[in-house]
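Below you'll find the structure, written out as structure tokens, and then a few comments.
What follows is calculated from the coordinates using simple rules that are stated; it is not laboratory data. Just so you know, these numbers come straight off a predicted model, no measurement behind them. Neighbour counts are summed over all protein chains in view; Cβ atoms, including those assigned to glycine, are modelled from backbone coordinates with ideal geometry.
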Amino acid sequence: MRRQAVSSSNVAEVGYDEGQRTLEVLFHSGAIYQYFEVPPQIFTELLQTSSVGKYLNTNVKGNFRYARV
């Protein structure tokens with residue numbers, strides 16, 4: 001999955017597979033998480049938000065199944 005860099009103190013890159021509806025997040029710590037069944041709108045909003053970390057905490061974490069890769 002291709003990821004793109006984002007401006008965040010906690011998150012380095014994010015990527016999205018629309019066919020699989022999977023959001024992938026690479027943290028500056030090196031940890032990679034995949035979140036499943038994420039609607040495309042969530043990824044669009046994530047790219048447009050002024051705070052990627054805050055958006056993830058509010059709208060993604062706890063709302064979607066995930067796995068650490």
Taking region 30-69 as the region of interest, how many residues are under 15 Å from Tyr16 (Cβ atoms) and not β-branched (Val, Ile, Thr)? 18
Of all strands (runs of 3 or more DSSP E) completely enclosed by the chain, which ones contain at least 1 residues that are within 9 Å of the chain's Cα centre (by Cα)? 11-17, 22-27, 32-36
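Which of the residues belonging to region 1-56 are under 18 Å from Arg68 (Cα atoms) and among the hydroxyl-bearing types (Ser, Thr, Tyr)? If you could, list the steps in order and put the result at the bottom.
Let us first name the residues in region 1-56 that are under 18 Å from Arg68 (Cα atoms), namely 1-3, 10-17, 20-38, 53, 56.
If the condition is that a residue be under 18 Å from Arg68 (Cα atoms) and among the hydroxyl-bearing types (Ser, Thr, Tyr), then Tyr16, Thr22, Ser29, Tyr33, Tyr35 are the ones that fit.
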